[in-house]
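The structure under discussion appears below in the form of structure tokens.
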Amino acid sequence: MTDIFNFFTTQSNSPLDELDLEVLKNRELRVFMKRDDLLHPHISGNKWRKLKYNLIEARSQGQQQLLTFGGTYSNHIAATAAAGKEFGFKTIGVIRGERVEPLNPTLAFAERQGMRLEFVDRTTYRKRTAPEFLSSLRKMFGAFHHLPEGGTNQLATRGTGEIIKELNEQLPQPISHICISCGTGGTIAGIINESDPQTKVLGFSVLKGDFLKTEIDNLLEAPKENWSLLSDYHFGGYAKWDKQLIQFMNDFRYNHSISLDPIYTGKMMYGIFDLIEKDFFKPGSNITIIHTGGLQGIGGFNERFGDLIDV
Ligand SMILES: Cc1ncc(COP(=O)(O)O)c(C=O)c1O
């Protein structure tokens, strides 16, 4: 069984790539990408960051089980299942919706890692943060370390905040903008907490609606002004997409040998390039993008929609 503390502390920093494109040179922009997608084959991207202190805490409390929540294609479910196998925790995934056979690639992977999948209807799923519901789950399954949906809690934001320290060591010049894709807001909250007030933190929301801004505010250690949430690049909402997005992602992979996922990083990158073309960033800007992983989702997407995304 892998030692959690060693795993997370001896791992070297994720690499930082610079994108080389005429469009950037013409506008005097430098664009870097922090490759958290390369941290681990299965516990990668923001999941690696968010699970780190949660797993250390669970082990130090002597917990034997992790219980978490997610949709049927959840990156977090896949990563938690893999982490359970790697570090010797039993894992329980409470999944929104009905069990459909054969399981999609995400859930099939989670089960292969040993995760017990409990399917609940949407009404029950909505109770996922209610203390009574969590205690009924404890009666059913015994004690567990609770990882909320998307893995977002204070221990998770502590982990994502560490990206800033790594970037400061890796980057040749101060960061003017950091770009992050946002679902529950946990990843960006940790980054905002640790960010320099001169850096503008830009969140690209994958969800429709304005509620996410309040959620992020609630996750911050202290109020901060140096961030904003962009809501123009969700393509109609979570899991919605169009052909232009897929074409963009395939071209990006071809040009840079970097894969993007269709739910989070693909939409963010599309948005960043749109903003570059609209001269949103001033000449001299250093735009640093966090690749938060999620590439396991491509299998399920291609299975549903017909091999649209190049792999
Ligand atoms: C690949 C990927 N990127 C970004 C996000 C957004 O992270 P957060 O939910 O912390 O806002 C998620 C979801 O957790 C994700 O799976």
| query | Can you list residues whose amide H is under 5 Å from E118's amide H, if they're 5+ apart or on another chain and H is modeled 1.01 Å from N? | reply | G93, V94, I95
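I need the GluC sites (Glu not before Pro) found in the range 172-281, filtered to DSSP loop residues with at most 10 other beta carbons within 10 Å of theirs.
Details: sites: E194, E215, E221, E225, E277; in loops: E221, E225.
The qualifying sites are E225.
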| Say we join alpha carbon atoms closer than 10 Å with springs in a Gaussian network model of the chain; which of R126, R59, R99 then has the biggest fluctuation? | R126
| field | Most mobile listed residue (G209, G151, G294) in the chain, GNM with C-alpha springs under 10 Å | value | G209
| query | In the chain, if every C-alpha pair distance is counted and binned at 10 Å from zero, what percent goes to each bin? | reply | 6, 27, 36, 23, 7, 1, 0
| Estimated vicinal HN-Hα couplings, Hz - the range 84-94 in sequence order (Karplus 6.51, -1.76, 1.60; Gly, Pro = x) | x, 5, 5, 10, x, 9, 6, 10, 10, x, 8
| query | Do any GluC sites (Glu not before Pro) in the range 56-148 lie in a loop, going by DSSP, with at most 14 other beta-carbon atoms within 10 Å of their beta carbon, and if so which? | reply | E98
| remark: Residue by residue through the range 100-115, the couplings from Karplus 6.51 cos²θ - 1.76 cosθ + 1.60 with θ = phi - 60°, in Hz, x for Gly and Pro, are 10, 9, x, 4, 5, x, 5, 6, 5, 4, 4, 5, 5, 6, x, 6
| field | Residues of type lysines that K127 reaches as a straight line, Cα spacing below 17 Å, ignoring anything fewer than 8 places off in the same chain | value | K139
| task | Taking the Cβ of each residue in T157, T124, T214 as the centre, tally the other Cβ atoms inside 10 Å and list the residues starting with the fewest. | result | T214, T124, T157
| request: List every residue whose amide H lies under 5 Å from the amide H of L66, counting only residues 5 or more places away in sequence or on a different chain, with H placed 1.01 Å from N in the peptide plane. | output: K90, T91, I92, H145
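Between E166 and L207, what FRET efficiency comes out of the Förster formula 1/(1 + (r/R0)^6) with R0 = 25 Å and r the beta carbon distance, rounded to 0.05? Intermediate results must be reported in sequence, preceding the final value.
Numbers: r = 28 Å, r/R0 = 1.10.
Computed FRET efficiency for L207 and E166 comes out at 0.35.
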| query | Can you give the charge dipole size of the range 45-151 about its Cα centre, rounded to the nearest 20 debye, using +1 on the beta carbon of Lys and Arg and -1 on the beta carbon of Asp and Glu? | reply | 220
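Taking every pair of distinct Cα atoms and averaging 1/r, then inverting, what Kirkwood hydrodynamic radius in Å comes out for the range 45-151?
Working: mean 1/r = 0.0729 Å⁻¹.
Taking the inverse mean of 1/r over all distinct Cα pairs, the range 45-151 comes out at 13.7 Å.
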| task | Find which of M249, I290, T160 sits farthest along the positive direction of the dipole of the range 155-304, computed with +1 on the beta-carbon of Lys and Arg, -1 on that of Asp and Glu, about the Cα centre. | result | M249
| field | Cα long-axis angle, helix 131-141 against the chain (0 to 90 degrees, to the nearest 10) | value | 60
| field | Nitroxide proxy distance, nm - points 7 Å out along Cα→Cβ at R138 and F119 | value | 2.9
| task | Enumerate the amide H contacts of I178 below 5 Å, restricted to partners 5 or more residues apart or on another chain; note that Pro and chain-start residues carry no placed amide H. | result | K200, V201, L202, T288
| remark: With a Förster distance of 35 angstrom and the Cβ-Cβ distance between Q244 and K224, calculated FRET efficiency to the nearest 0.05 equals 0.55
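For the range 239-278, compute Rh as the Kirkwood radius over C-alpha pairs and then the Stokes-Einstein diffusion coefficient at 37 °C and 0.692 mPa s; write the answer in µm²/s, rounded to an integer. Show your work: numbers first, answer last.
Values: Rh = 10.1 Å.
Translational diffusion coefficient: 324 µm²/s.
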| said: Compute a Gaussian network model of the chain, connecting alpha carbons closer than 10 Å, and tell me which residue from K50, K267, K127 fluctuates the most. | reply: K127
| said: Rounded, prolate or oblate, given the Cα gyration tensor of the range 182-311, with a/c below 1.5 counting as rounded? | reply: prolate
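Given the chain, what percent of its DSSP beta bridges are antiparallel, to the nearest 5? Can you show the working numbers first?
On the way: 3 of 35 bridges.
Around 10 percent antiparallel, to the nearest 5.
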| query | To the nearest 10 degrees, how steeply does helix 45-60 sit against the main Cα axis of the chain, on a 0 to 90 scale? | reply | 40
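Explain nothing, just the number: relative contact order of the range 144-246, from Cα pairs under 8 Å at least 6 residues apart, as a whole percent. Numbers along the way, then the final one.
Details: 156 pairs, mean separation 26.4, N = 103.
Worked out over the range 144-246, it gives 26 percent.
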| task | Work out from phi, with θ = phi - 60° and the Karplus expression 6.51 cos²θ - 1.76 cosθ + 1.60, the ³J(HN,Hα) of each residue of the range 215-230, listed in order in whole Hz, and give x for Gly and Pro. | result | 4, 5, 3, 5, 8, 6, 5, 8, x, 9, 9, 8, 9, 8, 10, 9
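For the chain, what is the charge dipole size about the Cα centre, in debye to the nearest 20, if Lys and Arg each add +1 at the Cβ and Asp and Glu each add -1 at the Cβ? Walk me through the numbers on the way to the answer.
On the way: 35 positive and 37 negative charges, 185 e Å.
Here the size comes out at about 880 debye.
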| message | Given the options M115, A58, P148, identify the residue whose Cα lies farthest towards the positive end of the charge dipole of the range 45-151 (+1 on Cβ of Lys, Arg; -1 on Cβ of Asp, Glu). | response | A58
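Per 0.36 nm of contour for each residue apart, how much would the distance between D307 and M1 grow if the chain were fully extended, relative to their Cα-Cα spacing? Mind showing how you got there, number by number?
Numbers: separation 306, 0.36 × 306 = 110.16 nm, distance 3.61 nm.
Gain in length upon complete extension: 106.5 nm.
None of the figures in this text is laboratory data; all of them are computed from the coordinates on show. Predicted, not measured: the structure shown is a model, and the values here were computed from it. Counting neighbours? That spans all protein chains shown, and the Cβs are built from the backbone with ideal geometry, glycine included.
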